[in-house]
Amino acid sequence: MTQTASCLCGAIRYRTTHVLGPVTACHCTQCRKSSGNFAAATPAPWDSIEIEGEVTWYASSETGRRGFCGTCGSYLFWEEGDGIAYLMAGAFDGPTGLRMDAHIFYADRSDFFRATDGLPCFAAGRGGPQVTP
Ligand SMILES: [Zn+2]
Ligand SMILES: [Zn+2]
């Protein structure tokens with residue numbers, strides 16, 4: 001199956017042939033600020049992804065960078081140079097058939113947000129200590 005995606009203005013379109021796993025909600029400060037609340041992302045190897053259009057990159061940390069559309073600002077990718085792209089799932093053309101399975105960096109979330117979906121809420125990374133939403 002091929003999943004297609006685009007930014008809001010359509011200047012960037014991409015497709016991946018990777019079989020996508022669940023979507024993770026990341027509430028870390030960087031995702032919170034760049035997304036408007038939290039990032040909903042799922043990983044895929046870069047070599048499964050074909051992009052049309054020019055992605056603008058922002059080095060958000062010493063190892064990570066965020067890819068977005070320079071025209072409409074849509075946040076599309078996060079990566080750490082290990083060959084894996086984290087795809088911002090809201091850009092996917094639906095229906096996706098995907099499900100969200102966890103909240104991570106929940107300790108850094110916006111104070112106006114509270115998870116009510118019953119999914120595990122990890123204080124930091126997946127697999128670490130869980131907190132009550
Ligand atoms: Zn755009
Ligand atoms: Zn994050």
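From the backbone phi of segment 39-55, what are the Karplus-calculated ³J(HN,Hα) couplings (6.51 cos²θ - 1.76 cosθ + 1.60, θ = phi - 60°) in whole Hz, Gly and Pro given as x?
3J(HN,Hα) across segment 39-55, in whole Hz: 8, 10, 9, 9, x, 7, x, 4, 6, 9, 10, 10, 10, 10, x, 9, 8.
Could you go through segment 21-36 in sequence order and give the Karplus-derived ³J(HN,Hα) for each residue, using 6.51 cos²θ - 1.76 cosθ + 1.60 with θ = phi - 60°, rounded to whole Hz, and x for Gly and Pro?
x, x, 8, 10, 8, 9, 9, 4, 4, 5, 5, 4, 5, 7, 9, x
What are the semi-axes of the equivalent ellipsoid for the chain, taken as the square roots of 5 times the Cα gyration tensor eigenvalues, largest first, in whole Å?
24, 16, 14
With an 8 Å Cα cut-off and a minimum separation of 6 or more residues, compute the relative contact order for segment 3-108 in percent.
Here the relative contact order equals 35 percent.
Below 13 angstrom from the Cβ of THR2, what's the summed charge of the other residues (Lys, Arg +1; Asp, Glu -1)?
Neighbourhood net charge equals 0.
Short version: ³J(HN,Hα) in whole Hz for each residue of segment 56-62, in order, from phi by Karplus 6.51 cos²θ - 1.76 cosθ + 1.60 (θ = phi - 60°), x for Gly and Pro, what are they?
9, 10, 10, 6, 8, 7, 5
Any idea of the accessible area per residue across the chain, 1.4 Å probe, to the nearest Å²?
56
Please give the calculated 222 nm ellipticity per residue for the chain, where each DSSP H segment of at least 4 residues contributes -39500 (n - 2.57) and the sum is spread over every residue; nearest 500 deg cm²/dmol?
Helix contribution divided over all residues of the chain: -1500 deg cm²/dmol.
With +1 assigned to the C-beta of every Lys and Arg and -1 to the C-beta of every Asp and Glu, and no other charges, what is the dipole magnitude of the chain about the Cα centre in debye, to the nearest 20?
The calculated dipole for the chain is roughly 360 debye.
Could you give the length gained on full extension between THR71 and ALA107, defined as 0.36 nm per residue of separation minus the Cα-Cα distance, in nm?
Gain on extension, THR71 to ALA107, equals 9.7 nm.
Farthest toward the dipole's positive end in segment 1-105, which of LEU76, PRO22, ILE104, given Cβ charges of +1 (Lys, Arg) and -1 (Asp, Glu) about the Cα centre?
ILE104
The values are calculated or read from the model by the stated rules, or taken from the named source; none is laboratory data. What you see is a predicted model; the values in this text were computed from it and never measured. Every residue, glycine as well, gets a Cβ built from its backbone with ideal geometry; the counts of neighbours run over all protein chains shown. For the accessible areas, the whole protein counts, side chains as well, though only heavy atoms, and no ligand, DNA or RNA atoms are used. Shrake-Rupley method; radii C 1.70, N 1.55, O 1.52, S 1.80 Å.
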